[in-house]
Every structure is written in C-alpha cells, then in structure tokens.
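The values are calculated or read from the model by the stated rules, or taken from the named source; none is laboratory data. Since this is a predicted model, take the numbers as computed values, not measurements. Because the Cβ atoms are built from the backbone with ideal geometry, glycine has one as well, and the counts that use them run over all protein chains shown. Side chains included, ligands, DNA and RNA excluded: accessible areas come from the protein's heavy atoms. Shrake-Rupley method; radii C 1.70, N 1.55, O 1.52, S 1.80 Å.
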Amino acid sequence: MRAAVVRTFGGPDAVEIAEVPVPEPGARQVRIRVAAGALNPVDAGVRSGFFGGAGKTLGLGWDVAGTVDAVGVAAAWQVGDPVVALVPGVAEPLGAHAEYVVVATDAVAAAPAAVDAVHAGTLPLNGLTALQALDLLDLAPGASLLVTGAAGAVGGFAVQLAAHRGLEVTGHARAGDEELVRSLGAARFTADGVAPGSVDAVLDAAVLGGAALEWVRDGGAYVGVQPGAQPGPVRGVRTGAVEVAADGAGLAELVRLVDEGVLTLRVAETYALEKAAEAHARLAEGGVRGRLVLVP
C-alpha cells in the first residue's frame, strides 16, 4: 500500500509516498481502509524533526475516517463499519496518511451520519484536543472562558463545545475573523492586540503563553495545547496543558454533537495522497481556515 512518510527531516519536500506492507490487526485492534484524514501542524512538526526520530522512517497523520476492513480477536467492530479514529504518535513508522491503518478498538467511534468522510476526517485530533482541554479546565456553567486562536481548528471546536456546556465564551483571534468566531457561539470577541479583561479561565489554543495567563483572574485556570510549554502558576492560577489521547468514547460524544449540529466541520481543501507534499506546503503558508484533507 501507499503511505506518506519522512526519512529525512526538512520542509514539505521531505514528505515521500512510499510502498509499505499492509498492516495486520492484532487482538483488540481493527484495520481501517482510509477514506480521508486531515493534515495538522503536528505533522509538520514530525516532518521537520521537532519530535525526534532521526534515522527512522516516520509515518504522518493522526486523523482517519474510513471503513473497517479487518478485525482482530475481540475487536468489537465489524468489517464494513464506517468509523473515525485518532492515530496518535510522533515517531511511529506508519500514521493515518496511508491507504490502511491499524488502531486499537477503543480508539474508534462510528462515523458521523450527517457529513461525508472528508469532513469526518477533520474531527478526531482537534475535536478530542478541545474536549480534553475543557475537561481539564473543569468549569461550571456560567463561568467565563477565553479561547485564544478561536478561528483555528482546536479553538473553533473549543468555542462550540464551551458554548454548548453553558460557558460564557470570549473568542480571541484576528479582527477579520470576528464574524466566524461569533458564528461558532462566542458571546464576545476580542482581536489580537486587544486585552479582553479578566476571565475565569483561558484555553490557549494559540499558544500565547504568559500573555494569555495575564488575562486569568486570581485563582482561575489556564490550559494550553503544548505539553510542557505552559507557563508556571501565579496568583493562584492553576495551569496545565492537554496531551491528547485516543478515546473512542470521547470521540463518539463528538460525533453525536456533529450529527446534532452542535459542531461544525470545516474543510479548506482536499489533496490526493500522492500530493501530500503540496498539502504540507500549503499548510506552511498559513492562513488556512478549515483543514487540509488528504484523500487516498
């Protein structure tokens, strides 16, 4: 089968399409025939060597939407089931940007019925990151939350999920994104370079760090999206960072919210798998609103 891999770190041109063996599922695993999977900044990090793994062949891609193609013992899914899953890992020989991928049974959820596979392939990584970050914050309904990077993938999901939970959401993004951010459910908007005032908590999807921490009231909470990069606690503010994990139950909850119209899945462009390097180049240009999706 074909898979996008990196053998030498570098820019977009470092991405290769290789012929590799089709993986076989073990116990409590399923093999998915990949229909679509989003390209994310973490893939650029793997490609450039940010996570290490020099001298190895590294797979790319965390998001997958497709169909169960084979099952191991006690897999709990059936061949033909349309599914979505998170395929985590930054130093593995095979990722989701391939024609087939094997994942643990408990990393899988039934695919949303309301959208096609291309849109479904944008959900797992960024949706679970937003969901797990909000769970870390553990805010009661009515609490005020500032989401930085609110027009982005993680930030956009966070705004929608937080509003659905009854939080008072302020979205922080570029001035030109105000209409988008408000459409996602933000009650308030603040543009880059404008202090939003004090809030109970910040979900820092834009990785502003200490600058965002300053906006949290004494005794509030801050959660970032880069483990180890969060600022230290000050003024009694609890700080942490989400380290996204595969979670089929959480993904199933996100799928339910997609089908109910609570979550919006945004696709910017699609690329054939053999054009993966071009997709990486487009991601590097920045300014993408919605995900770039690879379609084997």
Residue list for segment 184-216, restricted to those being within 22 Å of ARG238 (Cβ to Cβ), β-branched (Val, Ile, Thr) and outside any strand (DSSP E or B): VAL207
Within segment 177-188, considering residues that are touching a residue at least 24 places away in the same chain (Cβ under 8 Å) and either among the acidic types (Asp, Glu) or buried (at least 16 other Cβ atoms within 10 Å of the Cβ) (or both), the one farthest from VAL262 (Cα to Cα): ASP177
Breaking point among (1) open to solvent by 60 Å² or more (accessible area, probe 1.4 Å); (2) in a loop (DSSP other than H, G, I, E, B); (3) touching a helix residue (DSSP H, G or I) at 6+ places or on another chain (Cβ under 9 Å), for LEU265: (1)
Test: residue in segment 287-295 that is touching a strand residue (DSSP E or B) at 6+ places or on another chain (Cβ under 6 Å) and free of Cβ contacts under 8 Å to residues at least 60 places away in the same chain: yes
Residue identified as surrounded by 18 or more Cβ atoms within 10 Å (Cβ to Cβ), assigned to a loop (DSSP other than H, G, I, E, B) and in contact with a helix residue (DSSP H, G or I) (Cβ under 9 Å, 6 or more places away or on another chain) among VAL244, VAL258: VAL244
Where a residue in segment 59-70 is closer than 21 Å to VAL115 by Cα and touching a residue at least 40 places away in the same chain (Cβ under 8 Å) and its partner, wherever it lies, is open to solvent by 10 Å² or more (accessible area, probe 1.4 Å) and not in a loop (DSSP other than H, G, I, E, B), with Cβ under 6 Å and at least six apart: TRP62/LEU125; ASP63/LEU125; VAL64/VAL34; ALA65/ALA35; ALA65/ALA117; GLY66/ARG33; GLY66/VAL34; GLY66/ALA35
Search result, residues across segment 268-277 that are aliphatic (A, V, I, L, M) and either within 16 Å of the chain's Cα centre (by Cα) or buried (at least 17 other Cβ atoms within 10 Å of the Cβ) (or both): ALA268, LEU273, ALA276, ALA277
Strands (runs of 3 or more DSSP E) wholly inside segment 1-61 that include at least 2 residues being open to solvent by 40 Å² or more (accessible area, probe 1.4 Å): 15-19, 29-39
Residues of segment 95-109 that turn out to be touching a Phe, Trp or Tyr at 6+ places or on another chain (Cβ under 9 Å) and surrounded by fewer than 24 Cβ atoms within 10 Å (Cβ to Cβ), as a count: 1
Residue under evaluation ALA211, criteria (1) of a type in the set (Gly, Ala, Ser); (2) open to solvent by less than 30 Å² (accessible area, probe 1.4 Å); (3) free of Cβ contacts under 8 Å to residues at least 12 places away in the same chain, criterion not met: (2)
Residue identified as open to solvent by less than 10 Å² (accessible area, probe 1.4 Å), more than 17 Å from PRO41 (Cβ to Cβ), in contact (Cβ under 8 Å) with a residue 40 or more places away in the chain and touching a Phe, Trp or Tyr at 6+ places or on another chain (Cβ under 9 Å) among VAL223, VAL202: VAL202
Single residue of GLN230, GLN160 found to be in contact with a Ser or Thr (Cβ under 9 Å, 6 or more places away or on another chain) and open to solvent by 50 Å² or more (accessible area, probe 1.4 Å): GLN230
Enumeration of residues in segment 71-94 that are on the phi > 0 side of the Ramachandran plot, at pLDDT below 95 and open to solvent by less than 60 Å² (accessible area, probe 1.4 Å): GLY89
